[in-house]
Amino acid sequence: MKYVRQFGIILAVTFIGEVLKLCIPLPIPASIYGLVIMLGLMMTKIVPVKSVKDAGSFLIEIMSLMFIPAGVGLMISWNEISDIWLPLVLIIIITTVVVMVVTGRVTQRVISQDNKKELGNQKRR
Amino acid sequence: MKEIISNSLFFGVGISLLGYEIGLLLKKKWKLAIFNPLLISIIFVIGMLSVFDIGYETYEEGAKYLSYLLTPATVCLAIPLYEQMELLKQHKKAIFIGIISGVLTSLVSVLLLCALFQFTHEQYVTLLPKSITTAIGMGVSKELGGIVTITVAVIIITGVLGNMIAETVCKVFRITHPVAKGIAIGTSAHAVGTAKALEMGEIEGAMSSLSIAVSGLLTVIGASIFTNFM
């Protein structure tokens with residue numbers, strides 16, 4: 001029954017997310033509201049992390065599988081992109097690689113600068 | 001045969017799992033990025049549907065139960081995020097500078113490439129939200145007057161591509177810090193990339209989860225400004 005209760009809590013939070021999405025006219029999906037609420041509940045210990053951890057970890061583990069139907073759906077939208085598929089594919093490949101590299105390198109750079117600063121501070125002390 | 005498949009609620013999920021399993025086997029045998037289980041399963045299912053002449057609607061009738069779990073699973077991304085809260089606080093400056101630079105890079109590179117390929121304004125705003133999670137991206141595209149179905153297709157392809165190349169890109173461009181890896185994957189390839197980040201490690205997964213939400217929200221603001229540039 002452990003899993004049932006955990007899954008129930010997760011679905012309840014998801015539902016609150018859906019209600020918020022209906023009430024707030026912003027292009028923010030129910031899942032993001034739910035994520036923020038879940039995080040808040042765990043930080044305030046209203047919902048301790050261990051009371052959702054097992055079912056939650058299972059859902060996260062099989063998350064890749066949940067994207068299969070959307071990917072298969074490309075067979076329908078293919079007609080709409082067939083005219084511009086080449087530039088589209090080029091844009092997707094270039095931007096995805098560039099964004100990944102820039103984001104990763106910038107984050108890493110700031111982290112190492114912070115680390116150096118901290119080391120310097122420790123030495124001064 | 002077709003009749004049975006059309007009436008079966010379990011065919012869609014079953015064939016998806018089978019495709020994923022084949023992908024895992026191929027990946028184990030040849031450790032190449034192209035044998036990405038998600039990509040293999042998508043191709044396998046499309047192939048099977050075409051061979052047996054089964055429509056997407058019939059497949060989706062059963063497979064929708066897989067997508068059904070996506071919203072609660074995304075809510076659960078709060079768990080790794082909570083567990084890495086200390087690390088998040090420690091590196092908050094690097095994380096936010098990283099995500100902001102990624103979002104700007106995405107918008108600028110889409111603008112430049114669309115100008116290069118002489119795309120129309122409609123096609124341009126369709127592509128602007130390409131790096132963020134589907135649900136937010138659809139809203140942005142609709143709001144700016146884009147073609148929502150193409151936005152969804154582009155977002156999915158971006159995610160699958162990011163999922164495929166994440167490990168290679170991190171290695172080649174020497175992105176070694178787990179926080180930097182996670183932020184890079186989540187900002188460039190949203191939830192589909194995050195699925196890969198979660199496989200790479202707990203820290204990578206948590207940081208990638210955070211990036212989905214933050215980059216998604218920043219793109220809502222950024223795209224509404226960038227729509228005026230072309």
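The values are calculated or read from the model by the stated rules, or taken from the named source; none is laboratory data. The model shown is predicted, which means the values in this text are computed figures rather than measured ones. Heads up, the Cβs are rebuilt from the backbone with ideal geometry, glycines too, and the neighbour counts pull from every protein chain shown. Heads up: the accessible areas ignore ligands, DNA and RNA and are worked out on the full protein's heavy atoms, side chains in. Shrake-Rupley method; radii C 1.70, N 1.55, O 1.52, S 1.80 Å.
Numbers at a glance
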item: Of all residues in the stretch A:8-42 being within 9 Å of another protein chain (Cβ to nearest Cβ) and outside any helix (DSSP H, G or I), the one that is surrounded by the fewest Cβ atoms within 10 Å (Cβ to Cβ); result: A:L26
item: Breaking point among (1) open to solvent by less than 30 Å² (accessible area, probe 1.4 Å); (2) hydrophobic (A, V, I, L, M, F, W, C); (3) in a helix (DSSP H, G or I); (4) touching a residue at least 24 places away in the same chain (Cβ under 8 Å), for A:I68; result: (4)
item: Number of the condition not met by B:T71 [criteria: (1) β-branched (V, I, T); (2) at pLDDT 95 or above; (3) open to solvent by 40 Å² or more (accessible area, probe 1.4 Å)]; result: (2)
item: Selection within the stretch B:164-187 - at the interface with another protein chain (Cβ under 9 Å from one of its Cβ atoms) and among the hydroxyl-bearing types (S, T, Y); result: B:T176, B:T187
item: Subset of the stretch B:9-49 that is in contact (Cβ under 8 Å) with a residue 24 or more places away in the chain and in contact with an Asp or Glu (Cβ under 9 Å, 6 or more places away or on another chain) - its residue that is farthest from B:A195 (Cα to Cα); result: B:L9
item: Hey, B:L210 over 25 Å from A:W85 (Cα atoms) and open to solvent by 40 Å² or more (accessible area, probe 1.4 Å) or not; result: no
item: Among (1) surrounded by fewer than 22 Cβ atoms within 10 Å (Cβ to Cβ); (2) among the basic types (K, R); (3) within 18 Å of B:S101 (Cβ to Cβ) - the single one B:K181 does not satisfy; result: (1)
